[in-house]
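Here, each number is a calculation from the coordinates, and none is a lab measurement. If you're wondering where the values come from, they're calculated on a predicted model, not measured in any experiment. Cβ placement follows ideal geometry from the backbone for every residue including glycine, while neighbour counts extend to all protein chains displayed.
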Ligand SMILES: C[S@@+](CC[C@H](N)C(=O)[O-])C[C@H]1O[C@@H](n2cnc3c(N)ncnc32)[C@H](O)[C@@H]1O
């Protein structure tokens, strides 16, 4: 799903365009130094959860497996010097890439244009959720992908079971386990959740399953395809997981289910909440759900059409986009949420917290006390500050142009917002040329325009 991206850095205080990132080059011969430099580059780019920073080599970071990864973990390079340490791990260094986060290393197999091992911002956020929840006891991860979450879990327990439908992901999970020194404790195998019968009982089920709503007939990667409403696999897991869990009387305080999920929804919350309430009641669990991003479904459709392109040759971008838009309209959902959840033994309650940027395009605006001319600098600073609220995956299709454009059309956009009852119509009018030129990825401008609407409101240009 995610290629190595040319993400901008934001080291200049006033412009969101790429300049030079102030990361000192230094030898990176250990995992610790590698991860520290990667984190510095993430901070400079203001992308705290991005596993695969673009132009990493310019930043002095290896994107492909460097020799030290094997040596640092006890795998000697071939004695004839004919293979590198990475090759000694049995990996084709032209295909496998390395990243690191929270002291862990992880790999993915990646060839441009081919589906492969998926690790995105959602995976790193999920890792933080799992680390915070500190599950104990026996754990199974469904859809282990790169294996970074399994490796984190294996640090504090004797055994972690993992399954993934994609054999490449099983390999990635094994290599990641090896790189983190926990190969003897991570047991990965190829299996399909839909037919899975694991060796129960488990204390905790962990999963970050595909959740992209994909219309029937559209080809899509297994790492993203969540079926027509996006919930096919998640719904299945909720239907089968309770009998996999240790009986309540024997269960400790560990979370029973830890999940990262994406879900269509309305302003009231994700569609999945209804199914979670049912799951909580059936399992006598208290579920805490925290959403960290919510985008207009039109933005999700743009991303879906963007990724579906190479997998559906012969179907134009405009055609794919229309298929996704018609499909979402039939489902009647306005938003697409990303969230993390933890389910603990309890009374059957579900608590939902939404920390995503408010949708300013949904409310009616009128001119505020300050004219744009007087508030321009304040709006610009406010807007740049809000870029930290860009949703996971923004840079999958979004471009620096989609970030800069709202600033360059600030006055026009403020006037259009005051004119239109519907903020989406204001975006459509002011950014019509951009949306026409980039029909799918260009929809990222709905997200940045929403942040600018917030900055205009905060500064008093709009009320
Ligand atoms: C969104 S990725 C998450 C990867 C990783 N756990 C993470 O958090 O970064 C979803 C993973 O689920 C796997 N998957 C998709 N369909 C599956 C199925 N039916 N059964 C098991 N795994 C599946 C994919 O191959 C992919 O690795």
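Test of understanding: express the Cα radius of gyration of segment 243-322 as a ratio to 2.2 N^0.38 Å, with N the residue count.
Relative to the rule-of-thumb radius for its length, segment 243-322 sits at 1.58.
If you stretched the chain out fully between residue 132 and residue 159, how much longer would it get, using 0.36 nm times the residue separation minus the C-alpha to C-alpha distance?
7.8 nm
Per the Debye formula with a single identical scatterer at each Cα and no solvent contribution, what log10 I(q)/I(0) holds for segment 342-434 at q = 0.11, 0.18 Å⁻¹?
The computed values of log10 I(q)/I(0) come out as -0.44, -0.95.
Over the C-alpha atoms of segment 112-232, what are the Rg and the largest Cα-to-Cα span, Dmax, in Å?
For segment 112-232, the Cα radius of gyration and maximum Cα-Cα distance read 14.2, 43 Å.
Please order 316, 94, 411 by the number of other Cβ within 10 Å, starting at the fewest.
94, 316, 411
Summarise the long-distance tail of P(r) for segment 168-293 by giving the % of C-alpha pairs beyond 23 Å.
41 percent
Contour minus end-to-end for residue 239 and residue 408, with contour as 0.36 nm per residue of separation and end-to-end as the Cα-Cα distance?
So the extension gain works out to 55.9 nm.
Arranged from highest to lowest average of other beta-carbon atoms within 10 Å per residue, in what order do the peptides 244-255, 261-272 appear?
Listed from highest to lowest mean packing, they are 261-272, 244-255.
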